[in-house]
Every structure is written in structure tokens, then in C-alpha cells.
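A short write-up of the structure that comes next.
The values are calculated or read from the model by the stated rules, or taken from the named source; none is laboratory data. Owing to the predicted nature of the structure, the values given are computational and were not obtained by experimental measurement. We place every Cβ from the backbone using ideal geometry, glycine too, and count neighbours over all the protein chains shown. Please note that ligands, DNA and RNA were not included when accessible areas were found on the heavy atoms of the full protein model with its side chains. Shrake-Rupley method; radii C 1.70, N 1.55, O 1.52, S 1.80 Å.
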Amino acid sequence: MQPQHVDTNLATKLDGCFVRRQPLGVVLIIAPWNYPLQLVLLPMIGAIAAGNCVVIKPSEVSAATESLVAELIPKYMCQDCYAVVRGGADETKALLENRFDHIFYTGSSVVARSILQAASIHLTPVTLELGGKCPCLIYGRVNVTAAARRLVWAKFFNAGQSCVAPDYVLCSQDTLSALLPALREALKDFYGEDPYTCPDLARIVSHQHWTRLVELLGKSTGKVVVGGDSNQDDKYIAPTVVVDVEESDALMKTEIFGPILPIMTVDSLEKGIDFINQREKPLALYVFSDESPVVNTVLENSSSGGFCANDGIVHMTLPGLPFGGVGASGWGSYHGIWGFETFSHRRACLLRGWAMERFNVLRYPPYRDDNLSWLRWTTSVKSHCRLM
Amino acid sequence: MSREQQAVVRARRAFETGRSKPLEHRIRQLKNLQRLFTERQKEIADAIKKDLNKSEVGTQLYETLGLEGEISLAIRKLKEWMAPRPVEKNLLTLSDTVYIQPEPLGVVLIIGAWNYPWAVTIQPLIGAIAAGNAAVVKPSEVCVHTSKVMEELLPVYIDKELYPVITGGVPETQELLSQRFDHIFYTGNSTVGRLIMGAAAKHLTPVTLELGGKSPCYIDKDCDISIACRRVTWGKYTNCGQTCIAPDYILCEPSMQDRIIEEVKKSIKEFYTENPKTCPDYGRIINQRHFRRIMALMEDSTTAVGGENDESDCYIAPTVLRDVKREAKVMQEEIFGPLLPIISVSGLDEAIKFINQGEKPLALYVFTPDDKVIKRMRDETSSGGLLANDCLIHYSISSLPFGGVGNSGMGCYHGKFSFDQLSHLRGCLIKKLKMEGVNSMRYPPHTPQKLGWARFFILKNLDLGWLGRMALLAALVVAAAVMLQNYFL
């Protein structure tokens, strides 16, 4: 919250020159269902820290958490400043007709388009935390056991319903042969012989999404080598790995957002990178490799919201890193100070003195040629003059 | 394929070759741009004279001097701006590499305005080039001569595939907007700003909108009115009031009005002579449509100074309007012309209330010797920028972010802010496949003990307090002593 003093030029050396962060006003936070509490509260923390009032719209899909949020927030927070609005698509649409000073949306790109459209009417700035297919390249010399454990954790956490879950794997045929047994081993360690009975494996959030995923798996022409079973009553889908996946496979078309891991083999790292670059920029990009040049090659030749080498998801836990997408995976970022900045206006402030009015003559008309050379000298950046 | 589509496709292909990314390329392009301004001053000034009647010195002062400074700054600092930016780590990632890597976005669309055509069209371009993007430049068709010069000169100096110039009016702009860009940078008014943002929604394209508004100017009764009025006069009538951050109207106590009118009149004479129409340093309204628009604004107010005009020359004299009411026509929209309304308020409280009833402006000016007054203005209002005791010049400080809030815009630029605005700041975590044991606390099966460890490692900010820090220091000293002892024995 402190004013941030900035470099001045010679013409403004004696003035107070700083950036002051101010609240924007009333912020709307629309949260998704996959981490329904976290993705309501995390942006809210930033909005409150920046001094705004907040209207929260939790997801109706995660109905139990929606009720809890609606009940508890008014009990702990000032009800005038922080309100919870419940409802579905119609209520959200009505909410969006109002004017906000910032809209923070986490969810899908389809809905994001209509949010952006609604925001444009009031010239409301937005932050869009969207998704995409987060690729996971496994290449070169690699400790397959460690890689498999981290990959399995990141993929099947929350049954794959994470915006930054590794969506699919790209690797060579040789790596695949070493990877598969390691994946099976890791799955057994984490979820036991029968994942259905394991208390640590999540379920799919709704019947609609369960059906979507089961149908997606059905349409795939790949081979299921792990899992594949499911239970409709319980919205359960086993941790599933599919190989022999082609570029045109159903599993390679849309963001999976479920516990199904397709593995596509590529002949070379370049082909893998090309494949990624032909598609929309994802929210996260993962590379597993013990070879730094491989990691650097992927980093330098791709774009994504965030990048993590040799692990999954954990880059999100570092509040120093801005968390957000680029291109189709989103606009803006938050976490830590980035959240504070997102919900603040950075107001440029210059407090001039009254003295040196004669100095100002340089800029007043009538203009002569020598005005310019003096002005050029005094308005260039301070590092040219070390005396002051 | 339309001309616009072709240009965008070519720019994207050029970007995909990767040639806009290396530091050497960016610096070379920026240096070429610099040469454009040193070598072609005459052509630039001639065109501006025809469009806005600015003198040659005026053109350099207000258009190109700032750009030369920004280009020099970018050239000098680019390596630093492009470098990975390390960030704070938690205990879990202590042995990892964590940083933010700035990256180009891709193809940027820059839509310029007509009032300072070089400044507001090229300044975003500097940021786009510095950030490693390709950029399609669409100068404003309203400044007819300048946009022609831009179309001719830019391809001579900078890469014409990466940075094409597309001239044209509304249909050409709409055609451009139907293409996909990775960022759109627009300078202009809020009506068109809404349309641009709406068009960008289709491709989820992020935008920077540098808009305008009515920038209020509060003159406190205790200030040096003579100096204040000189600065306001300069700020207002430069470029004939056609400046997005021009002081739009004055708020002051009724007793000050006469004095202010007198001082502004004096300053007008000092800057623009008895007959501003013949003064080479006084500009013209850009075209007859805007001339008529501005003249209509004066209709229901009383002229205290000026008022002379000549439609055939698009000339409106520096004008002051007195006893203006809130409902007057001149207060219903951004003036963007040489009319300075004075509105009476009973004091600071009413001024703040008046300002807050309007949309958040791009700039807010307050003239006062009293820090308390400045503090109240600062704390009780919002605006793109705030300037006490002068006008316009916060624009020239590259280390200040220049941009609006609310109706006056979104995003900001100048200096490093331009670079950051047109980059993607990618969060990067580079780990090794070692120390796998540490990870076990996060893997299933999940237990409360594991949660305890996770809490410790992730929420690393242990506030030990003074006693704790002393204890830690003592422990470290003991450990060091033990180690040294072992080493020497």
C-alpha cells in the first residue's frame, strides 16, 4: 500500500514523484466448481487487500460449497462491503448487467467471451483465469520413477479437475516403455490396488461431467492400458491411461478436466514443440527431463501462462509468481502481490513545487530553437546526471 | 483475402519465424526508428503543420522529443527488462530456480489517435518492438497528412512485414478488428473503446485502452494564482486543447473567478500574442466537424475571454467561460478544444463531491500550497494520474505508469510499463528430479501429519519475533563454533 517513489528527470528533480495504489471500487468475483472454496477466497483476499468491496458469485455446480459460502461469509465479513449472490446462468447474466469496477472470472473460455462482452459495455477491466490443454513433455534422460510420481500426483489430484492438471503427455516410444510401469507403480502407491475404495481419490463433480468424460473416452481410438472403469451412481472414473493416441483423437481435442491421461508419442522434441505451438497457448506447460538443454529449448520455443520443469501444479503455490494465462488460457494474473495489483489502480502522482517558475519558461510559447536543446537535456532520464 | 487480412497473416508468419525476439533485432529496429526522427524531422513537421497547425518547434517538443527519449530508454534498458526476474521462494522450492520470464505476446494491433499522432501511435509501437512482438499500426485517418507520412516512412526504416502500417477509416478498422490479435492497444474515446473491447471479446484478446474524460482542475484560494494560471493556460491551450490530459475545466471559489480570468488572459497574451490567429505557436482544430462540435458547446455559457472563431480556418481563439453551471452543454462531454469553463464551488468539500459525481478522469489537477489539500484530493478521488501544481508534465516521466481507470481507460504504458504491458510475464519454476523424498508429504494417502509438514513448508513466513531471532542466532553461533572446533581439531 505504500507509495512507490520512482526515478525523476532533471526537470522534476525537486518534485514528489510516486505511484500510489488505490482501490478500484466494487469487484465481482465469479468462481468455478473445481476448487470452489479456494477460487472464491484467493481472489477475494487480493480484492480486500486492495481496499475494494466485493460481490461473490460462487459456482452453483458445487452446490454444497455454494451454500456454505453463502452462510459463512456474512457471519465473518462486513455484510455491506462483501456480498454473496447465489444462482445459475440467469442470475449471473443479471449480475453482469450491473456496473463493476473489475470482474474476476475463473472458468471456461466460452463463458469468458460473454463476460468480456458484458464488461465492454461498462468498460470494466477483467481478469480471466481460463484453461486449456496443459501439455506435459517427457524427453531426454529422465528419472522416470520420480517423474511418474509427480505426474500422477498432478494429474489425478482432484480426479484431474484442475485447470493446471497435465492434460496429456508427449514422449518418445522408448520413454513410454519405461514410463508405463512407473505410472502403474505410482498409482498403486497413492490410490491402492482398488482406487474405487481409496478415500483420497476424488469423484467427478456432476453427472453431466461424468457423462461427458465417459463419452470422450468412448470416442477415443487409443488403447486403455490402466483403469478405464467407471461407476455412474458414484460419479467415479478410475485413474485411466490411454496410449496409441493420434493427433486427431477425441481426447486431444478439448480440455479433458478428468482422470484420463492420453499419451501421444512423438519422434523428436521439435515435433513435440511444434505440436504444442500449433494449438492454443495453455495455462501451464510441463517438461520432465534431467537435461537442462531440453528444458530450456521447450521454455524458449513455447508460450504458456506458467511453466514448470520436473513437477506439476506446484508453481501455483509460489505467491511470488503471477498466476494466470495468456491467449486462450486467460488474461491477467493474481496470487500474492499480483492479486493486490490486479485489484488496484496504479495512480501516477506528481507533486510539483511552486519554485522554479522561471525554469518553466523553456516550455512556454513563443518557441525558439534553443528551447528544445535545453528541454531535451532536462527531460532525459536521471541516470545521465549523477550529481543529484 | 483483404489487404488487412494479408498484412496480419504476413505479420504473424514473420513473428513465427522468431526473428522479432532476439535482443539484437529489437535494438536494431529501435535504432532505425530513432533515425527516422533525426533524419525526417522536416517531413514530419510539415505534415503536422497541415493537420494541426503546430510549429516545427512545437512538433518536436510535443511529439518527437518524448519519443526520442523513450527509444533511448528502451535501447539502454532492454537487456535488463528482458532478463528473467527472480522471485521469492518458499522452503519447499528453496533449491529450485524460480523466476518470471517476460515473453512476446505475438501480433499486436496499435490504433492511433489524431491529436498527437506520432506520440500516441509510435509510443506503443516502441513497447511492442521492445517486447519482441510484431505490430500492425493503424494511424488515425483524421490526421490525413500525418498518416500518409507514417505509411511512407515507417516501412523505409523498420521491418515492413513485422510492423506493417495500414491506413484507412472505419471500414478498414473494422476489417482489422475481425482478425485475431494477441493484444489491441487503442488510444481514443470511450465510445469507440467499448466497441474495440467488444470486438476483442470474440478472440478473448486483451486490450489496453487509453481513453479520456473531463480532467478537473481545482485551484485553491491560497495558491499563487499568477503561477497557477500560467501553468493551466499552457496545459489547456497547447495543441488548441486537443490533449487527452488537458485541464478540462476549473473548479474554484466564487471570489477567485475574476482574478483567474485576468491571469489566464495575461498568460494567453504572453504565449500567443494579442492575436493568436497569427501566432505560429497556436494550433487549429483538427477539422470542421470538431470545430462545429466545440462551438456548439459554448452556446449556453458566458464568454469571458476569447470566443473569436473562423470556420474556414478551423480557428477558435483561446476562450474562457465564466459562471458555468453543471448542466451547461460544455460540461456534458470532454471538451477537447480551447474552451476553459470556470465552475464555482464553495470549497474543497464541494469540489471533491463534484469530481466524484463524474466519471473517473484521465488526469486530475490540484493547485495549492497546502499539503493537506493535496492529501485529501489524493485520498478522496480517483483518476488515471494526479498532478499537483502543474499540468500535463507527468506524461513526460517514463517511470510513471500512464493510463486511465474506469471510463478513462484500462492498462498503462510509458517506459518499462510499455514493455510489460505488451509482454506475457510467464511464471517459471525449474525443479530437478531429485529430493523425491520431500514430496511424499503431498502424495496420497493423505494424513494429518503430512498436512502439518505441508503447512510448515508452504507457509514459510515464520514470525519468530525478537526473542526467536536471538535464539536462532545463538543456535547458529553454537553450530558454527562446533563446526570450527571440529575443523581445527
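Quick look at the values:
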| read-out | value |
| --- | --- |
| Boolean, B:Val170 is away from chain A (no Cβ under 14 Å) and without any contact (Cβ under 8 Å) to a residue 40 or more places away in the chain | yes |
| Residue that is out of contact with any strand residue (DSSP E or B) (no Cβ under 8 Å at 6 or more places or on another chain), in a helix (DSSP H, G or I) and free of Cβ contacts under 8 Å to residues at least 12 places away in the same chain, where the choices are B:Leu78, B:Leu36, B:Leu30, B:Leu65 | B:Leu65 |
| A:Met77 being within 14 Å of chain B (Cβ to nearest Cβ), among the aliphatic types (A, V, I, L, M) and open to solvent by 10 Å² or more (accessible area, probe 1.4 Å) | no |
| Selection count where residues are open to solvent by 10 Å² or more (accessible area, probe 1.4 Å), more than 7 Å from chain B (Cβ to nearest Cβ) and not in a loop (DSSP other than H, G, I, E, B), scope segment A:315-340 | 5 |
| Unique match (being in contact (Cβ under 8 Å) with a residue 40 or more places away in the chain, crowded, with 22+ Cβ neighbours inside 10 Å, at the interface with chain B (Cβ under 8 Å from one of its Cβ atoms) and charged (D, E, K, R)) among A:Asp311, A:Asp290 | A:Asp311 |
| Breaking point among (1) touching a helix residue (DSSP H, G or I) at 6+ places or on another chain (Cβ under 8 Å); (2) modelled with pLDDT under 95; (3) surrounded by 16 or more Cβ atoms within 10 Å (Cβ to Cβ), for A:Asp200 | (3) |
| Those residues of segment B:432-449 which are part of a loop (DSSP other than H, G, I, E, B) and open to solvent by 40 Å² or more (accessible area, probe 1.4 Å), in sequence order | B:Lys432, B:Lys434, B:Met435, B:Pro445, B:His446, B:Thr447 |
| Subset of segment B:46-56 [open to solvent by 40 Å² or more (accessible area, probe 1.4 Å) and within 9 Å of chain A (Cβ to nearest Cβ)] | B:Glu56 |
| Search result, residues across segment A:31-59 that are open to solvent by less than 10 Å² (accessible area, probe 1.4 Å) and either part of a strand (DSSP E or B) or farther than 24 Å from A:Thr317 by Cα (or both) | A:Asn52, A:Val54, A:Ile56, A:Lys57 |
| Matching residues in segment B:57-91 - criterion: being within 7 Å of chain A (Cβ to nearest Cβ) and closer than 30 Å to A:Gly324 by Cβ | B:Leu73, B:Val87, B:Glu88, B:Lys89, B:Asn90 |
| In segment B:351-371, residue nearest to the chain's Cα centre (by Cα) [restricted to those that are free of Cβ contacts under 8 Å to residues at least 12 places away in the same chain and within 17 Å of B:Cys252 (Cα to Cα)] | B:Gln357 |
| B:Ile166 being farther than 26 Å from B:Ala45 by Cα and among the aliphatic types (A, V, I, L, M) | no |
| Number of the exception - A:Arg212 against (1) in a helix (DSSP H, G or I); (2) within 14 Å of another protein chain (Cβ to nearest Cβ); (3) open to solvent by 30 Å² or more (accessible area, probe 1.4 Å) | (2) |
| Residue selected from segment B:318-349 under the condition acidic (Asp, Glu) and touching a residue at least 24 places away in the same chain (Cβ under 8 Å), by the criterion farthest from A:Thr124 (Cα to Cα) | B:Asp323 |
| Residues that are over 19 Å from A:Lys281 (Cα atoms) and either part of a strand (DSSP E or B) or under 14 Å from the mean Cα position of the chain (by Cα) (or both), drawn from segment B:85-108 | B:Arg85, B:Pro86, B:Thr97, B:Val98, B:Tyr99 |
| One residue from A:Arg149, A:Arg113 being within 13 Å of chain B (Cβ to nearest Cβ) and farther than 30 Å from B:Gly404 by Cβ | A:Arg149 |
| Of all residues making up segment B:365-387, the number that are surrounded by fewer than 24 Cβ atoms within 10 Å (Cβ to Cβ) and aromatic (Phe, Trp, Tyr) | 0 |
